Amino acid sequence: MEQNELILKVEGLSVNYGHVEALKDASLTIGRGEIVVLLGANGAGKTTLMETILGVHPPKTGTITFKGASITGKPADKNVRDGISLVPEGPGVFASMSVSDNLLLGAHHNLRDSAGKLDRVFDWFPILKDRKDQTAGTLSGGERRMLAIGRSLMSNPELILIDEPSIGLAPKIVNDIFAIISQLNAEGYAILLSEQNAYKALKASHRGYVLETGRVVLEGASADLLNNPAIKEAYLGA
């Protein structure tokens, strides 16, 4: 994949919750084959930005372009059909449903070759194949994150939005999740990653954006951000 070929372009995006400005004139780009990370504290606007790209929230101002076509204000279900998926923060699974049924929900808009899609996810996540008949609520935290990622893959996305994948997980499981993200990227998926573990995220990504109170205040190559004194102080404890 050519990283300089844009798959997503966000320009001047503003989103309000009532009288509260959750996003303020935010802009970013993602190239095909890129992992781009969003850094910022809780409440900085990372989740809002992802959900607005997907179509959950209508923007007050700004434009969103996906694969060269405007998707500004387009409903989320149509954006999923067109190739965008979201892995939400937290467990992100239906606890009372089986692992297999959770995965099939990810392909609800297109059930053709659902068996083939399941096999592909099980190739990625063998533990899910072993647990396929269990209810999702019986899985460990790491297994639930794998299930949420697997469900997003069932929609055949080209761009995957992953919100806080490491939250609440043990360090070893965090390493496993980031290895999976890197492998997905190597297969050609473009990934927008929201993450508070700045070191892990910057090491895994190509570029990054820093959000503060809904505004993009800094952007650059991940290697440059890792060495930025302000980033070190704010996010890396240095």
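FRET efficiency for the pair R112 and L236, taken as 1/(1 + (r/R0)^6) with r the Cβ-Cβ distance and R0 = 41 Å, rounds to 0.35.
As a test of the definition: which semi-axes, in Å, follow for the chain when you take the square root of five times each eigenvalue of its alpha carbon gyration tensor? Largest first, please.
Each semi-axis is the square root of five times an eigenvalue, giving 28, 21, 17 Å.
In the chain, the longest principal axis of the Cα atoms and the axis of helix 171-186 are about 90 degrees apart. Highest mean packing first, where packing is the average number of other Cβ atoms within 10 Å per residue, the peptides 76-88, 47-59 line up as 47-59, 76-88. Modelled spin-label separation between A179 and V217, with each label point placed 7 Å from Cα along the Cα-to-Cβ direction: 3.6 nm. Listed by chain and number, the lysines placed with their C-alpha closer than 20 angstrom to that of K200 are K46, K172, K232; residues fewer than eight positions away on the same chain are left out.
Suppose R0 equals 45 Å. What FRET efficiency, 1/(1 + (r/R0)^6) with r the Cβ-Cβ distance, do Q134 and A41 give to the nearest 0.05? Let's see the in-between values first.
Values: r = 36 Å, r/R0 = 0.80.
Computed FRET efficiency for Q134 and A41: 0.80.
Given a Förster distance of 22 Å, report the FRET efficiency between D119 and A186 from their Cβ-Cβ distance, rounded to the nearest 0.05.
Once the sixth-power term is evaluated, E becomes 0.65.
Between S98 and I127, the contour length at 0.36 nm per residue exceeds the alpha carbon distance by 9.1 nm. Taking the chain as a Gaussian network of alpha-carbon nodes connected by springs under 10 Å, the highest mean-square fluctuation of the residues L147, L28, L218 belongs to L218. Relative to the longest principal axis of the Cα atoms of the chain, helix 114-124 runs at roughly 70 degrees.
Each reported figure results from applying straightforward, stated rules to the coordinates on display, with no laboratory input. Here the structure is a predicted model, which is why all the values come from computation and not from measurement. Cβ coordinates were reconstructed from backbone atoms using ideal geometry, including for glycine residues, and neighbour counts include every protein chain displayed.
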